[in-house]
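K.L.:
Below: one structure in structure tokens.
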Amino acid sequence: MRVERTIPRHVAIIMDGNGRWAKRQGLPRTFGHAKGMERVEDCVKWTKEFEIPYLTLYAFSTENWQRPKEEIENLMHLLDEFLERKVPELKENNVRLRFVGDLSPFDENRRERIREGEERTRDCSSLQLNIALNYGGRQEMLHVIKEIGKRLMNGKIDLEEVNSDTVNEYLYTSGIPDPDLIIRTAGEMRLSNFLLWQSAYSELYVTPVLWPEFEKKDYESALKEYSKRERRFGRI
Ligand code: FPP
């Protein structure tokens, strides 16, 4: 299918339903995440094919620390594997990798590998893949408020100067355009603390398809629906 007309510049995805998928197969939840990882790889490939320049994937939220230790370890293992195996492939495919979120709770070794992945792909230009890791929209806003507060207290900026651009500067996503389209799999009608500031005018698309079963045709349906939406940004 040729996706006509309005192609979003930035697609962000809430990859939900890994656990439900595993449960339906009678498998442990970790199998769902492993299968979800395969979809991550496909999704990067499809996004490139659709010539969408920015893709953001919600891989681990600030709330996900409340999951059982074993599941968290499994997700971290998938992340490490991704960094180890996928970075050369991303580079080969001209995909730039960036992480958005508070990386401070991760150990120095993992942070170093994250930085390395970003550094090695920094000149890649066909697609920017943003992985939201230990990301929370409210936590991000608190971070912005504190950073701006520091500059106000140091006299580096005046209160009158603070505007949306100042906020954008301190967001984890600084430099990345706001998402045009947010896709959520597995049917839940909520944002779950994802890109709260950035999603002000995003189009939302929710599909009942579970993330491990998300196929190219489902992505195409989301893009088709997006191309039909009339975006008014508050205007008439
Ligand atoms: C939600 O499904 C999914 C997650 C919390 C993790 C998503 C992570 C991956 C797909 C793999 C890691 C990706 C990278 C790029 C490192 P859920 O477990 O909440 O599903 P449920 O709601 O059905 O239980």
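K.L.:
Defining a contact as two alpha carbons under 8 Å apart and six or more residues distant in sequence, what relative contact order in percent does the chain show?
P.N.:
Relative contact order of the chain: 29 percent.
K.L.:
Sticking with this one: Just by accessible area at a 1.4 angstrom probe, what is the order of LEU196, LEU191, LEU171 from largest to smallest?
P.N.:
From most exposed to least exposed: LEU196, LEU191, LEU171.
K.L.:
Check which residues have an amide H placed less than 5 Å from GLY17's amide H, if you skip close sequence neighbours.
P.N.:
For GLY17, the qualifying residues are TRP211.
K.L.:
Of the heavy-atom accessible surface of segment 108-236 (probe 1.4 angstrom), what whole percent is carbon and sulfur?
P.N.:
That fraction is 48 percent.
K.L.:
Dividing the Cα convex hull volume of segment 132-183 by residue count, how many Å³ per residue is that?
P.N.:
Convex hull volume per residue, Cα atoms: 90 Å³.
K.L.:
Where Lys and Arg each count +1 and Asp and Glu each count -1, what net charge lies around GLU147 among other residues with Cβ under 11 Å from its Cβ?
P.N.:
Overall, the nearby charge balance is +2.
K.L.:
Could you tell me which trypsin sites (Lys or Arg not before Pro) in segment 7-81 are loop residues by DSSP with no more than 15 other beta carbons within 10 angstrom of their beta carbon?
P.N.:
ARG9
K.L.:
Averaged per residue, what accessible surface does segment 1-95 expose to a 1.4 Å probe, in Å²?
P.N.:
With the other protein chains kept in place, segment 1-95 gives 54 Å² per residue.
K.L.:
Which of the three applies to segment 82-236, rounded, prolate or oblate, going by the alpha-carbon gyration tensor with a ≥ b ≥ c and a/c under 1.5 meaning rounded?
P.N.:
Oblate.
K.L.:
Further, regarding this structure: Once ligands and nucleic acids are excluded and a 1.4 Å probe is used, how much of TYR219 is accessible, expressed in Å² to the nearest 10?
P.N.:
0
K.L.:
Any idea what the alpha-carbon Rg over 2.2 N^0.38 Å comes to for segment 30-130?
P.N.:
1.07
K.L.:
May I pose another question? Take the solvent-accessible surface of the protein heavy atoms, probe 1.4 Å, and return the percent of it on segment 52-100 that carbon and sulfur atoms account for.
P.N.:
Carbon and sulfur atoms account for 46 percent of the accessible area of segment 52-100.
The values are calculated or read from the model by the stated rules, or taken from the named source; none is laboratory data. In this text the structure is predicted, and so the values were computed from the model without any measurement. Cβ coordinates were reconstructed from backbone atoms using ideal geometry, including for glycine residues, and neighbour counts include every protein chain displayed. The accessibility values were calculated without ligands, DNA or RNA, using every heavy atom of the protein model including side chains. Shrake-Rupley method; radii C 1.70, N 1.55, O 1.52, S 1.80 Å.
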